[in-house]
Amino acid sequence: MCLNSVNVLEGIRFYVSFACSWAFAELKKMEGNAKIIKFIARDENVHLASTQYLLSKVLTKEDPDFARIAEECEDEIIQMFVDAVEQEKQWAQYLFKDGSMIGLNTELLNNYIEWIACKRMTALGLRCPYTVPQANPLPWTQKWISGAEVQVAPQETEISSYIIGGVKKDVNTETFKGFSL
């Protein structure tokens, strides 16, 4: 149940928040914030992939007791996903109570919430109670998740590959052999 809870948190709840932040950047607002969240999303993708791998491949295939428990808890796990979807939809309703923004509104965000929940559930072999389209209802989120198509000059953005305080550690006791002080 704990791994499934982590999966729901990192695979649904965080992504609803990410989509809202990236929507501002799509309108050329708060772009720096969106870029930082892109890095956070990359991290969450790793966590999500690990919990999904553990739940769907390792534990259920290698541990018969775990597989039995997972099967016994399936309805409870599905309900965990459904509860998260409903709570996120309530949040979307609150967010857009005063109106929508270009590219995002309650209906679009609700569609995205159901779509991403189904994606996460089917990855675990769970039945999804929602009827969703094959394609992402917010296709512009994909560029923020993958980030492969976007290239900017280092001086224009925060870059993750910049090394601070990097030191080459190739000095050993033999390096100064033969030298005297």
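Tabulated results
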item: Packing-based order for 119-127, 91-99, using average beta carbon neighbours within 10 Å, highest first; result: 119-127, 91-99
item: Listed residues Val82, Met101, Phe66: farthest to the positive end of the dipole of region 56-101 (Cβ charges); result: Met101
item: Largest-first principal axis extents of the Cα set of region 64-119 (Å); result: 50, 17, 10
item: Region 7-67: trypsin sites (Lys or Arg not before Pro) falling in loop per DSSP and having at most 13 other Cβ within 10 Å; result: Lys28, Lys29
item: Additional length obtainable on full extension of the chain from Asp98 to Arg42, 0.36 nm per residue less Cα span; result: 17.0 nm
item: Region 2-147 - Rg (one decimal) and Dmax (whole number), Cα, Å; result: 16.0, 51
item: Region 2-147, relative contact order [Cα under 8 Å, separation at least 6], %; result: 31
item: For region 2-147, size of Cβ-based charge dipole, Lys and Arg +1, Asp and Glu -1, in debye; result: 760
item: Net charge of neighbours whose Cβ lies under 14 Å from the Cβ of Gln87, counting Lys and Arg as +1 and Asp and Glu as -1; result: -2
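Taken together, the values in this text are just the output of simple stated rules run on the coordinates, not laboratory data. Just so you know, these numbers come straight off a predicted model, no measurement behind them. We place every Cβ from the backbone using ideal geometry, glycine too, and count neighbours over all the protein chains shown.
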